Ligand code: 4AD
Ligand code: MG
């Protein structure tokens, strides 16, 4: 007999038919009622065991965590809480679960504890919901771009360039760590390395995506990126997934519209397609917030928060306007910011971003036109800004509870301006000759952005630590599993 997935069974409710289901035991009550889950849905199917006519040795093995199969007839449920159940005629045990050794328990366990048991945490309701939503969001991202005629471009994981010019790269080498070949100056000779040069894991696929956009028009990447920044925060990973669209002939305004449309689309997709999983996470959040003082609890439930984003325009303002708001804000005047805002030019910290989003505007915010000095070399210089106060056509999208979720810009398409900027910022032009070539031959205005996929999942799931929305998180001091 073919196996039926529980999601399909609950959807079609084929009362009277014989089915076979396979999954893991979530609970076993009164030696009679098994709650079985196979991962296809947040919901369990109830299996009713005829305990009087079942081998007691087999009954003993039906335990929380065990993998089993059941064959039986789908009937209308006699009990509360489910419409159908399976009256089992046959139970198979695939894998026993010794509860004395099994780290998971039927009661609630802390996220911190489960992080240490990341190889097993998929089996909890919370993490199963998170990873089903992660899948749905990835699918929605591809659907959004595909429906709009974008091409998915696979940019390299191993590169020789530093796309952000920030020097936070992991080196990729096959040289002997003990005895690397040295050059005449006594420095490691990377010309002897695997690629004949020093190479690293990519921090962003943007530069290569720009090359693609200069012929295919509209492209996007969706892949892993790596940052060797020593950030031990709830919003940083050393390995994270990024979505980077790049569009020829788009300006900053088009870029903001695209980003806003995409975020709204994928969030609406989750609301529509992940109802059961969102319900689990919403309940989890309400429970978690009970331990917080009243004034720190959120005013909206998880799904209300998501719906709010899909239904309201984001607030758009310039960096300069934002700095004025922050300078005059109560926390700044009362010395409550760890990094006080003194004037124009400083980079915004996450406390500032969160003030703007959560306290001042109470909605997602897009900040534009940042000082050139605090942004990457490839961003387009604004025309007619004062020397020393140059700004670039940058945009950062800030989300409640998250801070920066998207970073992007209109790109500097003018060869001379780009070259001058690279020189000033000590970006080696000989390494990026291929990037400069796009500005030499058939250059055009273009724009793009990067969406941190895990930050999006954080927002949609209401989870608070980025290490809980990627299966096996990589961060300083940790690369287990
Ligand atoms: O702002 P970032 O550094 O921008 C870029 O990499 C550009 N090349 C994007 C582009 O224009 N194509 O990173 C983009 C986004 C951030 O807004 C954030 O959401 C996420 O990537 N991000 C991280 N997510 C998790 N862990 C980290 N260490 C992250 N660093 C950036
Ligand atoms: Mg950024």
>> Tell me yes or no: at least one residue of the range 159-167 is modelled with pLDDT of 95 or more and crowded, with 19+ Cβ neighbours inside 10 Å.
In response: yes
> Taking the range 429-474 as the search range and keeping residues that are closer than 19 Å to residue 119 by Cβ and surrounded by fewer than 17 Cβ atoms within 10 Å (Cβ to Cβ), which one is nearest to ligand 2 (Cβ to nearest atom)?
Replying inline: 465
> From the residues in the range 378-405 that are at pLDDT 95 or above, assigned to a loop (DSSP other than H, G, I, E, B) and within 13 Å of ligand 1 (Cβ to nearest atom), which one is farthest from the chain's Cα centre (by Cα)?
Replying inline: 380
>> For the range 360-390, which positions are in contact with a strand residue (DSSP E or B) (Cβ under 7 Å, 6 or more places away or on another chain) and closer than 23 Å to residue 161 by Cβ?
In response: 370, 372, 375, 378, 379, 380, 381
>> Looking only at the range 430-481, count every residue that is more than 22 Å from residue 394 (Cβ to Cβ) and not in a helix (DSSP H, G or I) and tell me the total.
In response: 21
> Within the range 409-418, which residues are in contact with a helix residue (DSSP H, G or I) (Cβ under 6 Å, 6 or more places away or on another chain) and crowded, with 21+ Cβ neighbours inside 10 Å?
Replying inline: 410, 412, 418
> Looking at the range 115-138, which of its residues are assigned to a helix (DSSP H, G or I), closer than 18 Å to residue 458 by Cβ and without any contact (Cβ under 8 Å) to a residue 24 or more places away in the chain?
Replying inline: 121, 135
> Quick one: how many residues across the range 298-344 are part of a loop (DSSP other than H, G, I, E, B) and closer than 30 Å to residue 282 by Cβ?
Replying inline: 7
> Out of the range 381-407, which residues are more than 16 Å from ligand 2 (Cβ to nearest atom) and farther than 30 Å from residue 464 by Cα?
Replying inline: 381, 382, 383, 384, 385, 386, 387, 388, 389, 390
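Within the range 397-420, track down each residue that is under 19 Å from residue 209 (Cα atoms) and touching a residue at least 40 places away in the same chain (Cβ under 8 Å).
406, 407, 408, 409, 410, 411, 418
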> Does residue 443 satisfy the criteria of being away from ligand 1 (no atom under 15 Å from the Cβ), within 23 Å of residue 315 (Cβ to Cβ) and modelled with pLDDT of 95 or more?
Replying inline: no
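Residues of the range 302-324 being touching a helix residue (DSSP H, G or I) at 6+ places or on another chain (Cβ under 7 Å) and in contact (Cβ under 8 Å) with a residue 40 or more places away in the chain, which ones?
Our first condition is that a residue be touching a helix residue (DSSP H, G or I) at 6+ places or on another chain (Cβ under 7 Å); within the range 302-324, this holds for 302-303, 306-307, 309-310, 314-316, 322.
Result: 302, 306, 309, 310, 314, 315, 316, 322.
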> Does residue 409 fit the bill of being assigned to a strand (DSSP E or B) and within 12 Å of ligand 1 (Cβ to nearest atom)?
Replying inline: yes
> Which members of the range 345-369 meet the condition of being in a helix (DSSP H, G or I), closer than 12 Å to residue 403 by Cβ and without any contact (Cβ under 8 Å) to a residue 40 or more places away in the chain?
Replying inline: 351, 352, 355
> When residue 393 is evaluated against the numbered criteria (1) touching a residue at least 60 places away in the same chain (Cβ under 8 Å); (2) in contact with a strand residue (DSSP E or B) (Cβ under 7 Å, 6 or more places away or on another chain); (3) under 29 Å from residue 281 (Cβ atoms), which criterion, by number, is the only one it fails?
Replying inline: (3)
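Give me a count of the residues in the range 412-426 that are farther than 28 Å from residue 398 by Cα and part of a loop (DSSP other than H, G, I, E, B).
Keep residues of the range 412-426 that are farther than 28 Å from residue 398 by Cα, which gives 414-417, 419-420, 423-424, 426.
Going one step further and asking which of them are part of a loop (DSSP other than H, G, I, E, B), we end up with 414, 426.
Number satisfying all stated conditions: 2.
The values are calculated or read from the model by the stated rules, or taken from the named source; none is laboratory data. Model, not experiment: these values are computed from the prediction. Reconstructed Cβ throughout: ideal geometry from the backbone, glycine too, with neighbour counts over all protein chains shown.
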